[in-house]
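Take a look at the structure below.
The values are calculated or read from the model by the stated rules, or taken from the named source; none is laboratory data. Nothing here was measured: the structure is a model prediction, and the numbers come from that model. Cβ atoms come from the backbone with ideal geometry, glycine included; neighbour counts cover every protein chain shown. Protein only, heavy atoms only, side chains kept; ligands, DNA and RNA dropped before computing areas. Shrake-Rupley method; radii C 1.70, N 1.55, O 1.52, S 1.80 Å.
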Amino acid sequence: MVLCPVIGKLLHKRVVLASASPRRQEILSNAGLRFEVVPSKFKEKLDKASFATPYGYAMETAKQKALEVASRMHQKDLRTPDMVIGADTIVTVGGLILEKPVDKQDAYRMLSRLSGKEHSVFTGVAIVHCSSKDRQLHTRVSEFYEETTVKFSELSEELLWEYIHSGEPMDKAGGYGIQALGGMLVESVHGDFLNVVGFPLNHFCKQLVELYYPPRPEDLRQPVQHDSIPAVDTFEDLSDVDGGGSEPAQRETGSCDEKAEAGVAGQATAEAECHRTRATLPPFPTRLLELLDGFKLSKALLTACKLKVFDWLKDEAPQKAADIASKVDASACGMERLLDVCAAMGLLEKTEQGYSNTETANLYLASDSEYSLHGFMLQNNDIIWNLFTHLEFAIREGRNQHHRVLGKKVDDLFQDAYYRSPETQLRFMQAMHGVAKLTARQVATAFDLSRFSSACDVGGCTGALARELAREYPGLQVTVFDLPDVVELAVHFQPAGPQAAQIHFAAGDFFRDPLPSAELYVLCRILHDWSDDKVHKLLSKVAESCKPGAGLLLVETLLDEKKREAQGSLIQSLNMLVQTEGRERSRGEYQCLLELHGFHQVQVVHLEGVLDAMLATRVAP
Ligand SMILES: Cc1cn([C@H]2C[C@H](O)[C@@H](COP(=O)(O)OP(=O)(O)OP(=O)(O)O)O2)c(=O)[nH]c1=O
């Protein structure tokens, strides 16, 4: 539902949000605006001293962000966007402008400055209307700013550092996020809350009203109140007089209603007709078309990984498409299109000199990076992609599709499918290792596990989580329990280091063999692979191995109880259908399962990304 009809006017327009901020995207899509997201590459380095006011700086930065995107899209695309929205949020305290902290020390300096004081948050917004004539880009900019004052409580050193270590401050102006943990630091707020979060929605709507429904001449003769968004019926009145166009009114040249008043009766009738036609058109299905294109974007990313494009570009000077093409034995014309899509997705930078990796690509897509997801990408490209092509069968049959991909019966999911050859097994383990490394630290620190002296990571694969547990708890001995073939290869993933002495590998099948004894059992993304029967079997084995007081750390992605909201978890559950014998479950479902097997006092912590950690304690039977 679009509450603000002026937003409805933009439904047929190509609107672009020139921002990487997930908060801005959420605020605007919650308001019913349909838009594409193209993060701006404008470097936020304007000379602050040259601005008379902090909001002047924020508005200019917002404008430059939007103009950069407008001109990039105009050069690249055949279709120039109609409107580009840019925004910039800054915090000011004692005459200083605070932007995003560059590191933890910087965050510390910012937050200590804000402690116990009132400060201002300014968001500058630029709405750039674009048109193209004779291949030239024409822009008209409308800008505004909003100020909100926020008062912080006195912050103790301990609280400050705990907050900084949460990681939340790093991508936020002033080093805090009022909408999340940072809300705990705030004593009072005066003004628009969403302005602090990054986008002053209310002022934005008022601005659109001014642009699209300028006051009529007769209104100008009376005092006009523009400090409130007109109620819906007022909008309807207004839309009757603006000729129904979805272009913003051009004050310089006179708006449509002025022309109508000038007695151009025929034109008025034509415009009214045009208005009726437009009004009956359904909204342009931008989001739907984006969803449709989703698989093409995924495949472009996976193909670039498969061809090791990001390896060839890592730490190198920019290279031309033809150079990369010759290195990977590909056509220059095909490679150029692939690289352009990668650049549009924000994975590569494209300049006159050629293509180079973005930070994201260096960090996660190059195969030799510490936190590389290259193995996970290949697993998706070579295995999961093929399984998903049989999604229709998976839905009809209610089971995974390995038999269709492999052309034979699959009795044992791991032995017959994932580990059917040393090559597929290694790829699977590399995939799991990449994902586990990214999440292991959060899992290891989700709860205080210092009361346990031994842990068993059941199905712990390469030992990535065991390593983080050992690092976090130097007194903990961790056994990684997995299939013999896995244990054999796992040594290749274990770097030397002080934790090595705390980690042991034990080979066995967790459905058939006894589990190593431990005070804490860990099941990280294991239960979601299995049917309810097998989950019961495994949980009862774990319960039998536990003494009263022993712990069970369960890590899965939780569905919301009504299975409506957690899109990431819902898609994971579909993924489990296509790939495994299991499914994702809700917190309530896990709680029932755990209690049934004698585990109580269930605590849950949501981790960054889609995972959730649950810690439960075994009580005496
Ligand atoms: C103060 C505060 C800021 N913020 C965020 C809003 C902005 O995203 C960010 C300020 O940085 P910006 O430079 O305004 O925006 P950005 O870098 O996130 O995105 P882009 O430049 O691509 O548009 O801080 C919060 O999320 N919560 C808060 O409480």
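Tabulated data
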{"read-out": "Residue match in region 551-563 (condition: in contact with an Asp or Glu (Cβ under 8 Å, 6 or more places away or on another chain) and closer than 16 Å to Thr617 by Cα)", "value": "yes"}
{"read-out": "Enumeration of residues in region 9-42 that are within 10 Å of the ligand (Cβ to nearest atom) and part of a loop (DSSP other than H, G, I, E, B)", "value": "Ala18, Ser19, Ala20, Ser21, Val38, Pro39, Ser40, Lys41, Phe42"}
{"read-out": "Failed item, numbered, when Pro39 is tested on (1) surrounded by fewer than 19 Cβ atoms within 10 Å (Cβ to Cβ); (2) at pLDDT below 90; (3) in the same structural domain as Lys133 (by the TED database)", "value": "(2)"}
{"read-out": "Test: residue in region 44-60 that is closer than 19 Å to Ser142 by Cα, modelled with pLDDT of 95 or more, among the aliphatic types (A, V, I, L, M) and not in a loop (DSSP other than H, G, I, E, B)", "value": "yes"}
{"read-out": "Helices (runs of 4 or more DSSP H) enclosed by region 287-367 - at least 3 residues per element that are within 21 Å of the chain's Cα centre (by Cα)", "value": "332-344"}
{"read-out": "Residues of region 61-82 satisfying the condition of being away from the ligand (no atom under 11 Å from the Cβ) and modelled with pLDDT of 95 or more", "value": "Lys63, Leu67"}
{"read-out": "Count of residues meeting criterion [open to solvent by 50 Å² or more (accessible area, probe 1.4 Å), free of Cβ contacts under 8 Å to residues at least 24 places away in the same chain and in contact with a helix residue (DSSP H, G or I) (Cβ under 8 Å, 6 or more places away or on another chain)] in region 333-349", "value": "1"}
{"read-out": "All strands (runs of 3 or more DSSP E) inside region 93-182 with 3 or more residues being surrounded by fewer than 19 Cβ atoms within 10 Å (Cβ to Cβ)", "value": "118-133, 136-152"}
{"read-out": "Residue match in region 46-53 (condition: under 25 Å from Ser120 (Cα atoms), touching a residue at least 24 places away in the same chain (Cβ under 8 Å), surrounded by fewer than 21 Cβ atoms within 10 Å (Cβ to Cβ) and more than 10 Å from the ligand (Cβ to nearest atom))", "value": "yes"}
{"read-out": "Residue identified as under 26 Å from the mean Cα position of the chain (by Cα), surrounded by fewer than 20 Cβ atoms within 10 Å (Cβ to Cβ) and of a type in the set (Ser, Thr, Tyr) among Ser545, Ser573, Ser540", "value": "Ser573"}
{"read-out": "Among (1) at pLDDT 95 or above; (2) under 30 Å from the mean Cα position of the chain (by Cα), the one test that Tyr371 misses", "value": "(1)"}
{"read-out": "Residues satisfying the stated conditions in region 469-513, i.e. of a type in the set (A, V, I, L, M, F, W, C), modelled with pLDDT of 95 or more and not in a loop (DSSP other than H, G, I, E, B)", "value": "Leu469, Ala470, Val478, Val480, Phe481, Val486, Val487, Ile503, Phe505, Ala506, Ala507"}
{"read-out": "Boolean, Val128 is within 12 Å of the ligand (Cβ to nearest atom), in contact (Cβ under 8 Å) with a residue 24 or more places away in the chain and assigned by the TED database to the domain that holds Phe35", "value": "no"}
{"read-out": "Single residue of region 567-621 satisfying the filter (hydroxyl-bearing (Ser, Thr, Tyr) and within 27 Å of Leu413 (Cβ to Cβ)) that is modelled with the lowest pLDDT", "value": "Ser569"}
{"read-out": "Selection status of Phe204, of a type outside the set (Asp, Glu), at pLDDT 90 or above and either within 16 Å of the ligand (Cβ to nearest atom) or under 28 Å from Leu10 (Cβ atoms) (or both)", "value": "yes"}
{"read-out": "Verdict on Tyr355 being over 28 Å from Pro495 (Cβ atoms) and modelled with pLDDT of 95 or more", "value": "yes"}
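Table: residues versus (1) more than 25 Å from Glu36 (Cβ to Cβ); (2) surrounded by fewer than 17 Cβ atoms within 10 Å (Cβ to Cβ).
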position: Pro283; (1), (2): no, yes
position: Leu301; (1), (2): no, no
position: Leu307; (1), (2): yes, no
position: Gly354; (1), (2): yes, no
position: Thr360; (1), (2): no, yes
position: His374; (1), (2): yes, no
